[in-house]
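The values are calculated or read from the model by the stated rules, or taken from the named source; none is laboratory data. The structure displayed is predicted, hence computed values, not measured ones. Here the Cβ positions follow ideal geometry from the backbone for every residue, glycine too, while neighbour counts run over all protein chains shown.
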Amino acid sequence: MKHSVFFLLLICTYQIAHSQKISGKEFQKEIDLTALVLTDVHANPFAFQTEEGLNKLKDSVLQEYNFQDSILILDAFQCYANLVSSIKCAHSGAYRTKKLDSTINEFPLKIKVIKGNGLIAQNYPELNLFRGDQVVSINGISWKSVFEKGKKLHSSDGDSPLNAALFERRCKLDIPIILGNPVEFKVVTLHDGAMVESHFDASSISASEPKCQGFDFTLVGDEKKIGLIRVFNFPGDEKSIADFEKFCKKTRNKLERKKIKDVIIDIRDNGGGDRIDLLLRNFTPTSFKLMSSTIDTVGLAKYSMDLIFHGTTYENVLKTPTKSEPSRQVDFQGDLYLDINLYVLVNGRTASAASHFASLVKEHNLGKIVGTETGGRASGCNGNVYCSYFLPYSGIELYFPLMVNTYAIDQIENPNHGVFPDIFIEEELSDDLELTNLIEIINEHNMH
């Protein structure tokens, strides 16, 4: 009986290990497919990368894994993600299956990335790690190497810092993937000028994820005379749009009733959504357009049976006009217009619709952009209509937008970058400290 149980466990272990690998030939087919689908399906694959450059990258990956009988799917995933990352499109990505993610030994420390440096974001006294300690290496791999590899698992938006911000947000899975999915971790940090070595495994610390509602309003500052509107995501579905519209109306009424003259809109870490006009219209003395869109469906035909379209069908995608005029207008609200001093707080995780919001504020001189460069480009992004292609052996999902959105913006200093701030406030370990710095700037401005 004991021998039978042992034999069954051995078979299960083998099957799990085998299911996490693909053969060398299967890997080669999937790399070729990734490059082909990127080229044929993506809305704008060569805005920041050349076809020659993509093929060179593919060939270098194949050469690295040449003659291997089998390859771990987590290693294959990194290769596919690197190809997708090279086209620098924020809404594109390579995604793992839930089953594969369940095999990853999570990195349990919270890390904040500031100017490329990895900093311990909270105290872990049981591990002799403290907030602000600088990460030197993890399992013998330098932080710089981990960070560079981590960025390539995600896409930037042009030359924006979004991929670095996404790595920071997802490092609990990204770091183990980069390190070969170890069970134990050895982290070397710099604490008060001295090197400190800490050992732990994935179960050493229970990680908790902060839960945020979509938006809120409060009064801040010593005299509570500054309005703070936090928007964690702009709404996308029917219910959240209705809720957001009610929130904007109530907030506007509170600002008028309390005669607030300074308002901060905090869209740090806001990944986007839709209907930015519902908030923006309260602060504009004029009406203006949002953006125009184009779509090219020529390359979809040969993949039509294999693509999964999100929220639509292949037939409806084909009916989409190839070019649209500037859509949806931000309308001047007449007597409801709020004549206030507006400050929009942003960072490298401000992307997509949130970055578009910041672009329009800057374009129409509606207020000051504060913080660091946004993760979303100032001039536009790809989005609106999305599809997925699942690679046949690994099950890895390739996710692409099909439309190119061009924002209704004329004044763009660096169109391939994010929105640059009018007032630079360096990112801190504490988000509250960044907000405190902005409140001090507002108070000083009001004193003069």
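Points to keep in mind about this one:
- Answer residue from region 351-397, given it is β-branched (Val, Ile, Thr) and over 16 Å from Lys88 (Cα atoms) and is nearest to the chain's Cα centre (by Cα) among those: Thr372
- Scan of region 137-179 for residues that are without any contact (Cβ under 8 Å) to a residue 40 or more places away in the chain, surrounded by fewer than 18 Cβ atoms within 10 Å (Cβ to Cβ) and in a helix (DSSP H, G or I), ordered by number: Lys144, Ser145, Glu148
- Test: residue in region 319-342 that is touching a helix residue (DSSP H, G or I) at 6+ places or on another chain (Cβ under 6 Å) and β-branched (Val, Ile, Thr): yes
- Of all residues in region 333-366, those satisfying the criterion of being touching a strand residue (DSSP E or B) at 6+ places or on another chain (Cβ under 6 Å) and among the β-branched types (Val, Ile, Thr) are Ile340, Val344, Val346, Val361.
- Within the option set Leu338, Leu345, being in contact (Cβ under 8 Å) with a residue 24 or more places away in the chain and assigned to a loop (DSSP other than H, G, I, E, B) holds for one residue only, Leu338.
- When region 225-249 is limited to residues that are over 18 Å from Leu342 (Cβ atoms) and basic (Lys, Arg), the one that is surrounded by the fewest Cβ atoms within 10 Å (Cβ to Cβ) turns out to be Lys239.
- Being within 17 Å of the chain's Cα centre (by Cα), modelled with pLDDT of 85 or more and not charged (D, E, K, R) is a property that Val231 has.
- Residue in region 353-360 that is more than 15 Å from Tyr386 (Cβ to Cβ), of a type outside the set (Ser, Thr, Tyr) and not assigned by TED's automatic domain parsing to the domain that holds Arg230 present: no
- Test: residue in region 107-119 that is surrounded by fewer than 15 Cβ atoms within 10 Å (Cβ to Cβ) and in a loop (DSSP other than H, G, I, E, B): yes
- Options Ile439, Ile409: the member that is touching a Ser or Thr at 6+ places or on another chain (Cβ under 9 Å) and of a type in the set (A, V, I, L, M, F, W, C): Ile409
- Meets criteria (buried (at least 24 other Cβ atoms within 10 Å of the Cβ) and over 29 Å from Asp262 (Cβ atoms)) for Gly380: yes
- Residue identified as surrounded by fewer than 15 Cβ atoms within 10 Å (Cβ to Cβ) and modelled with pLDDT of 95 or more among Pro285, Pro392: Pro392
- In the condition set (1) of a type in the set (Gly, Ala, Ser); (2) at pLDDT below 95; (3) surrounded by 19 or more Cβ atoms within 10 Å (Cβ to Cβ), Ala81 is compliant with all but (2).
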